[in-house]
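**Q** To start, I am sharing the structure in question, which I have written as structure tokens.
The values are calculated or read from the model by the stated rules, or taken from the named source; none is laboratory data. These figures come from a predicted structure and were not determined experimentally. Virtual Cβ from ideal backbone geometry, glycine too; neighbours counted across all protein chains shown. We work out accessible area using only protein heavy atoms, side chains counted, and drop any ligands, DNA or RNA first. Shrake-Rupley method; radii C 1.70, N 1.55, O 1.52, S 1.80 Å.
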Amino acid sequence: MMLKRGFFSASLVLLCLFAVAQKKKGDKEQRVLVLSGNILSAADSNRVLQLYYNGLREKVVDNATLAIERFMQAIKTDPLHHPSYFELGQIYLKKGDLEKARLYAEKAVAIKTDNQWYWLLVANIYQQQQDYKLLNYALDELLQLAPDKLDYRFDKANALFMLGKFDESLRAYKALEDKIGLTDEVLQGRQRIYLKKGQFDKAVADLKELISNNPAEVRNYLYLGDLYYSEKKMAEALEVYRQAKKLDENNPFTRMAIAQILESQKKTDEAFEEVKAAFLQVSFGIDQKVKMVIKYFEAFPDQKAIARAEALAQAITEAHPTDPKAFSLYGDVLFQKADYPNAKKAYQQALALNKNVYLIWDQLLRINLYQNDAVALVKDGEEAISYFPNQYGLYFYVGIGYQLQKKSAKAITYLNNALAYDIDNVPLKAQIYSSLGDAYEAQKMYKESVAAYEKSLVLEPENTYTLNNYAYYLSLRNEDLAKAEKMSIKSNQLEKDNASFQDTYAWILFKLKKYAEAKEWMQKAIRNNPNSPVQYEHLGDILFKLGQTAEALENWNKSLKLNADNPLLKRKINEKKYIE
């Protein structure tokens, strides 16, 4: 619907003709309102009010469907109930249905032309629809109702600009300047008009005059520098930014502006020094800093990118020493470069400031796991569970911690606690079952161990560690060696040159009395890991079965040098024979 000046008042002439009549009912009088030929009784009036207030209640509790229903019933009874039209307009605007919002808002303002809030709603809708002609009209009406409202004056100046009425827009900004002075908003509006009109020199002169009148005001230099930058006049922009830097070396926005130009000139080291200086300033918001550091992650593992990300992240911790985000980010950078000890310290500092961030706990526990720090895994994991009792990953970490401490019974409890949750992470779920298989094995609960390994392999049939461990424990019990052999060779096919997997396969071959093949695989394992006492002992066992007693003794002695605390091995050496 195209609105023209005078539309609303003309409509009201048609809509708002009414007369008051009186009817007698006994000794009482009943007043009725006649609207456009319709009679609204007192009962209907009360019904409209009741529906309206019911609608408001539903709106307050975000029940839009019922609110709409109540307001629609109200206007069906009273087609001129403008508050209901207004509320419908607001609801549909919130829902993003601009057409319906406009329909009802325009009806509200057509009935009640002197309501500022109705006009404001209409103006908001026109603005979102980018209908600047009607927005301009609505703002005229708002200014008639509230001539001193500065927001309406700024919106009016902007609407004129959007309509291409640049001279009128300039006059509107001049009127604002006369009223409140040359504020940033006035200046920016005027600059935009100059640039749109191609009057770059006027925009520059405007800003230079400001600088001349107040040479100590840094922001005016920044405006001028930005203006030059927008026109790709980099030399002029850099000169102005450097003037601003002389006035205030701690202004981070000046530093960042200079850095941007230096970066475009391929002076990356100089640019980085400016960025680092900006990062040390508290006035440069931490969220923007975090985003900039995260961008460096895209270039990892490039060493220069890592070094710069680390330097900036450390600067953030210096500028924001009480914000956990600063230390969390620093920890993330250190984690990415595998500096686990210092990453751990950073995460601990972050948690000292705020223990209610799950991801920080998760990263800390990952580091504990990488470092095989079983005590820290249990301690930190159990504290994390006190804050996040529904995070199944925490139970997994604690379970692994107990398992590393050879406390298998406690490990089983925590791993089963993890499985009590609906785990959507398939690899983790497979790992939990695999670890549970190891823990049950340690407790000599062999039936349960087999069941856990089988469940793990259903989820991840090619999990090499599960295949290896399952096969190894079967071989230790001389149980289902054919199956153990198949699983072990599969793990070696999937992951080449893993000494532990090769040792397992060699040991299974030994159990199957395939001694020559066992020797070959055990020698492969030792080539890949020449410091394993277990592998030298196993090679000695194999060589003894092959009748090579001297070579067997040689390898048993190598094993004893690497691990002197092995009574069975000492017996083998002393008795010069293989002992089960």
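**Q** Which numbered condition trips up ALA525, out of (1) crowded, with 24+ Cβ neighbours inside 10 Å; (2) closer than 17 Å to LYS545 by Cα; (3) small (Gly, Ala, Ser)?
**A** If we test ALA525 against (1) crowded, with 24+ Cβ neighbours inside 10 Å; (2) closer than 17 Å to LYS545 by Cα; (3) small (Gly, Ala, Ser), just (2) comes out false.
**Q** Scan (1) in a helix (DSSP H, G or I); (2) surrounded by fewer than 21 Cβ atoms within 10 Å (Cβ to Cβ) for the single condition LYS406 breaks and write down its number.
**A** Every listed condition holds for LYS406 apart from (1).
**Q** Can you pull out the helices (runs of 4 or more DSSP H) entirely within region 235-298 that have at least 1 residues that are of a type in the set (Lys, Arg) and in contact with an Asp or Glu (Cβ under 9 Å, 6 or more places away or on another chain)?
**A** Values: elements: 252-264, 268-279, 286-296.
Here the list reads 252-264.
**Q** Of all the residues that make up region 42-70, how many are among the charged types (D, E, K, R), within 19 Å of LYS94 (Cα to Cα) and surrounded by 12 or more Cβ atoms within 10 Å (Cβ to Cβ)?
**A** Going residue by residue through region 42-70, those that are among the charged types (D, E, K, R) are 44, 47, 57-59, 62, 69-70.
With within 19 Å of LYS94 (Cα to Cα) added as a condition, the list becomes 57-59, 62, 69-70.
With the extra rule that they be surrounded by 12 or more Cβ atoms within 10 Å (Cβ to Cβ), the set shrinks to 57-59, 69-70.
Final tally of qualifying residues: 5.
**Q** From the residues in region 409-438 that are outside any helix (DSSP H, G or I) and among the aliphatic types (A, V, I, L, M), which one is surrounded by the fewest Cβ atoms within 10 Å (Cβ to Cβ)? Break it down into steps so the answer makes sense when it comes.
**A** Taking region 409-438 as the starting set, the residues that turn out to be outside any helix (DSSP H, G or I) are 420-425.
Checking which are among the aliphatic types (A, V, I, L, M) leaves us with 420, 423.
Working: ALA420: 9, ILE423: 16.
Selected residue: ALA420.
**Q** Ok, one more. Here are some residues: GLU236, GLU298, GLU249. Which one is among the acidic types (Asp, Glu) and surrounded by 14 or more Cβ atoms within 10 Å (Cβ to Cβ)? Give the steps one after another, and end with the answer.
**A** Values: GLU298 fails: surrounded by 14 or more Cβ atoms within 10 Å (Cβ to Cβ); GLU249 fails: surrounded by 14 or more Cβ atoms within 10 Å (Cβ to Cβ).
Answer to the check: GLU236.
**Q** Have a look at LYS545, LYS490, LYS486, LYS514 and point out the one that is open to solvent by 60 Å² or more (accessible area, probe 1.4 Å), closer than 25 Å to GLU462 by Cβ and over 55 Å from the mean Cα position of the chain (by Cα).
**A** Details: LYS545 fails: closer than 25 Å to GLU462 by Cβ; LYS490 fails: over 55 Å from the mean Cα position of the chain (by Cα); LYS486 fails: over 55 Å from the mean Cα position of the chain (by Cα).
None of the other options fit; the residue is LYS514.
**Q** Anything in region 301-332 that is outside any loop (DSSP other than H, G, I, E, B), farther than 17 Å from GLN363 by Cβ and either open to solvent by 60 Å² or more (accessible area, probe 1.4 Å) or among the charged types (D, E, K, R) (or both)? List them, or say none.
**A** Matches in region 301-332: GLN303, LYS304, ARG308, GLN314, GLU318.
**Q** Pick from region 444-483 the residues that are surrounded by fewer than 18 Cβ atoms within 10 Å (Cβ to Cβ) and among the small types (Gly, Ala, Ser): which of them is nearest to the chain's Cα centre (by Cα)?
**A** Result: ALA451.
**Q** Pull out all pairs, ordered by first then second residue, where Cβ-Cβ is under 7 Å, the residues are six or more apart or on different chains, the first lies in region 153-181 and is within 12 Å of ILE193 (Cα to Cα), and the second is acidic (Asp, Glu) and open to solvent by 50 Å² or more (accessible area, probe 1.4 Å).
**A** The qualifying pairs are LEU160/GLU168.
**Q** Since ALA506 meets every condition but one in (1) surrounded by fewer than 20 Cβ atoms within 10 Å (Cβ to Cβ); (2) modelled with pLDDT of 95 or more, which condition does it not meet?
**A** That leaves (1) as the condition not met.
**Q** Being open to solvent by less than 50 Å² (accessible area, probe 1.4 Å), on the phi < 0 side of the Ramachandran plot, out of contact with any Ser or Thr (no Cβ under 9 Å at 6 or more places or on another chain) and not hydrophobic (A, V, I, L, M, F, W, C) is the filter here, so list the residues in region 157-175 that pass it.
**A** The answer is SER169, TYR173.
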